[in-house]
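> Have a look at this one before I ask anything.
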Amino acid sequence: KVYRASTTAPVNIAVVKYWGKRDAKLNLPTNSSLSVTLSQNDLRTLTTASCSSTYTGDDSLLLNGEPSDISGARTQACFRELRARRAALEAANTSLPKLSTFPLKIVSENNFPTAAGLASSAAGFAALVQAIANLYELPDSPAELSLIARQGSGSACRSLFGGYVAWRMGEKEDGSDSMADLVAPASHWPSMRALILVVSAAKKGVSSTSGMQQTVATSGLFKERITTVVPANMALMEDAIKNRNFAQFAEVTMRDSNSFHATCADTYPPIFYMNDVSKAAIRAVEAINAQAGKTVAAYTFDAGPNCVVYYQEEDAATVLGAFAPILATAEGWKEASATNSTVKLD
Ligand code: DP6
């Protein structure tokens, strides 16, 4: 008998960025962060986990049809934690099949370019953890599973929910309080939209894991960011979301992206994720807002040149129209509704 479970997990794009680890092994951050979940109709990872006593060999992962290396410490930590939880259930109820002793086969597919700065590791690890949790019939809540997904990739802990999600940095050394929670469901602000400007689908230069470690080690500006800038931005952002205050949401989003990229430039040697097309996108957003006489669009950039623009549905014509000239210079673009439901479970 083969036991099997599938799930999908969405992509999230941070509006207050995670950048910096206080513990690289447990993947504990130097600051809290907050993200908006994108619609799974547009961007998602679909993962199926299966196991069987008839499977031989080690655990395996097929990612977009290619065998993927799962020997890394972070992936191993996810497998180990999930197995331990299943083993505890089996110990408490001896009539359960001993799934924890069988090899796992994971098959995972993204419907967007991997490693293009579109947070593929977030959706990937969230789907991996949720699929195995479903296979093992674990009773853990999304918040509890976020503790495991976090160890795969920090941003993944925010992809176990839909809507507006905060990752609280926590204080404990063992990381047991460094987990995600739901700030508001997508239905709270259904007019929110995201335009994804794929400036380059090529693999990014400096990975976020290594980039943030260089920033922590060398940037003076970074200290200011984690002690003053981010705590203020988290409070302002939660307030903006609760009140559906787009102007405030937008200003904090843009300022936080700028602050994050400033610490990258202050890293020694410096790290540059944005290119000339990225900068043209910033100027386009500024021009749109100036023309509208109010804030109708906000840009944000992760560890790559791709731009995500948040706007509200009522401003779609203004925002999309203004982007037409710069879309001609980018490799492609994708409009995604940011109003998805929560992660679909089996
Ligand atoms: C710029 O979650 O990819 O996208 O924990 O090392 O896997 P690891 O890092 P990762 O970093 C994401 C950085 C970011 C900001 C964010 O998503 O908050």
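> Kindly check whether there is at least one residue in the range 211-221 that is open to solvent by less than 10 Å² (accessible area, probe 1.4 Å), more than 13 Å from the ligand (Cβ to nearest atom) and at pLDDT 95 or above.
Yes; the residues of the range 211-221 include at least one that is open to solvent by less than 10 Å² (accessible area, probe 1.4 Å), more than 13 Å from the ligand (Cβ to nearest atom) and at pLDDT 95 or above.
> I would also like to ask the following. Of the numbered conditions (1) open to solvent by less than 60 Å² (accessible area, probe 1.4 Å); (2) closer than 26 Å to Ile148 by Cβ; (3) within 16 Å of the ligand (Cβ to nearest atom), Val198 fails exactly one; give the number of that condition.
(2)
> Have a look at Ala235, Ala194, Ala265 and point out the one that is among the hydrophobic types (A, V, I, L, M, F, W, C) and touching a residue at least 40 places away in the same chain (Cβ under 8 Å).
Working: Ala235 fails: touching a residue at least 40 places away in the same chain (Cβ under 8 Å); Ala265 fails: touching a residue at least 40 places away in the same chain (Cβ under 8 Å).
Of the residues listed, the single one that is among the hydrophobic types (A, V, I, L, M, F, W, C) and touching a residue at least 40 places away in the same chain (Cβ under 8 Å) is Ala194.
> Does any residue of the range 73-83 turn out to be within 16 Å of Ala156 (Cβ to Cβ), of a type outside the set (Gly, Ala, Ser), open to solvent by 40 Å² or more (accessible area, probe 1.4 Å) and within 12 Å of the ligand (Cβ to nearest atom)?
Within the range 73-83, one or more residues are within 16 Å of Ala156 (Cβ to Cβ), of a type outside the set (Gly, Ala, Ser), open to solvent by 40 Å² or more (accessible area, probe 1.4 Å) and within 12 Å of the ligand (Cβ to nearest atom).
> Working carefully through the options Glu81, Glu90, find the one that is touching a Lys or Arg at 6+ places or on another chain (Cβ under 6 Å) and modelled with pLDDT of 95 or more.
Numbers: Glu81 fails: touching a Lys or Arg at 6+ places or on another chain (Cβ under 6 Å).
Glu90 is the lone residue from the list that is touching a Lys or Arg at 6+ places or on another chain (Cβ under 6 Å) and modelled with pLDDT of 95 or more.
> Please go through the range 1-49 and pick out each residue that is more than 8 Å from the ligand (Cβ to nearest atom) and basic (Lys, Arg).
Of everything in the range 1-49, those that are more than 8 Å from the ligand (Cβ to nearest atom) and basic (Lys, Arg) turn out to be Lys1, Arg4, Arg22, Lys25, Arg44.
> Tell me which residues, restricted to the range 281-320, are in contact with a Ser or Thr (Cβ under 7 Å, 6 or more places away or on another chain) and open to solvent by 20 Å² or more (accessible area, probe 1.4 Å).
If the condition is that a residue be in contact with a Ser or Thr (Cβ under 7 Å, 6 or more places away or on another chain) and open to solvent by 20 Å² or more (accessible area, probe 1.4 Å), then Asn289, Ala292, Pro305, Gln312, Glu313, Glu314 are the ones that fit.
> Okay, next question. Before we move on, is Ser121 within 18 Å of the chain's Cα centre (by Cα), within 15 Å of the ligand (Cβ to nearest atom) and outside any loop (DSSP other than H, G, I, E, B)? Even if it seems obvious, please write down each step before you answer.
Values: within 18 Å of the chain's Cα centre (by Cα): yes; within 15 Å of the ligand (Cβ to nearest atom): yes; outside any loop (DSSP other than H, G, I, E, B): yes.
Answer is yes for this residue.
> How about the range 33-66: which of its residues are outside any strand (DSSP E or B) and open to solvent by less than 20 Å² (accessible area, probe 1.4 Å)? It would help to see each step written out before you state the result.
Of the range 33-66, the ones outside any strand (DSSP E or B) are 38-43, 53-59, 64-65.
If the condition is that a residue be outside any strand (DSSP E or B) and open to solvent by less than 20 Å² (accessible area, probe 1.4 Å), then Leu38, Ser39, Leu43 are the ones that fit.
> Hey, can you tell me all the residues within the range 170-192 that are open to solvent by less than 40 Å² (accessible area, probe 1.4 Å) and either in a loop (DSSP other than H, G, I, E, B) or at pLDDT below 95 (or both)?
Step one: list which residues in the range 170-192 are open to solvent by less than 40 Å² (accessible area, probe 1.4 Å), which gives 170, 175, 178, 180, 183-184, 186, 189, 191-192.
Hits for the range 170-192 are Gly170, Gly175, Ser178, Ala186, Trp189, Ser191, Met192.
> In the range 288-346, which residue that is among the polar types (S, T, N, Q) and in a strand (DSSP E or B) is modelled with the lowest pLDDT? Step through it out loud before you land on a result.
Step one: list which residues in the range 288-346 are among the polar types (S, T, N, Q), which gives 289, 291, 295, 300, 306, 312, 318, 329, 337, 339-342.
Filter again for in a strand (DSSP E or B), leaving 300, 312, 337.
Values: Thr300: 96, Gln312: 94, Ser337: 48.
Only one residue tops the list, namely Ser337.
> Turning to a different aspect of this structure: Please go through the range 116-169 and pick out each residue that is touching a Cys at 6+ places or on another chain (Cβ under 6 Å) and at pLDDT below 95.
If the condition is that a residue be touching a Cys at 6+ places or on another chain (Cβ under 6 Å) and at pLDDT below 95, then no residue fits.
> Touching a residue at least 12 places away in the same chain (Cβ under 8 Å), more than 13 Å from the ligand (Cβ to nearest atom), open to solvent by less than 10 Å² (accessible area, probe 1.4 Å) and not aliphatic (A, V, I, L, M): does that describe Trp167?
Numbers: touching a residue at least 12 places away in the same chain (Cβ under 8 Å): yes; more than 13 Å from the ligand (Cβ to nearest atom): no; open to solvent by less than 10 Å² (accessible area, probe 1.4 Å): yes; not aliphatic (A, V, I, L, M): yes.
Answer is no for this residue.
> Just to be sure I understand, how many residues within the range 141-164 are buried (at least 23 other Cβ atoms within 10 Å of the Cβ) and without any contact (Cβ under 8 Å) to a residue 24 or more places away in the chain?
Of all residues in the range 141-164, those buried (at least 23 other Cβ atoms within 10 Å of the Cβ) come to 142, 145-146, 148-164.
Those left that are additionally without any contact (Cβ under 8 Å) to a residue 24 or more places away in the chain: 145.
Within the range 141-164, residues that are buried (at least 23 other Cβ atoms within 10 Å of the Cβ) and without any contact (Cβ under 8 Å) to a residue 24 or more places away in the chain number 1.
> Right, here's the next one. Are any residues in the range 1-32 in a loop (DSSP other than H, G, I, E, B) and open to solvent by 10 Å² or more (accessible area, probe 1.4 Å), and if so, which ones?
Keep residues of the range 1-32 that are in a loop (DSSP other than H, G, I, E, B), which gives 1, 11, 17-20, 24-27, 30-32.
Passing the criteria: Lys1, Tyr18, Ala24, Lys25, Leu26, Thr30, Ser32.
The values are calculated or read from the model by the stated rules, or taken from the named source; none is laboratory data. Here the structure is a predicted model, which is why all the values come from computation and not from measurement. Reconstructed Cβ throughout: ideal geometry from the backbone, glycine too, with neighbour counts over all protein chains shown. Just the protein is used for accessible areas: all its heavy atoms, side chains included, with ligands, DNA and RNA removed. Shrake-Rupley method; radii C 1.70, N 1.55, O 1.52, S 1.80 Å.
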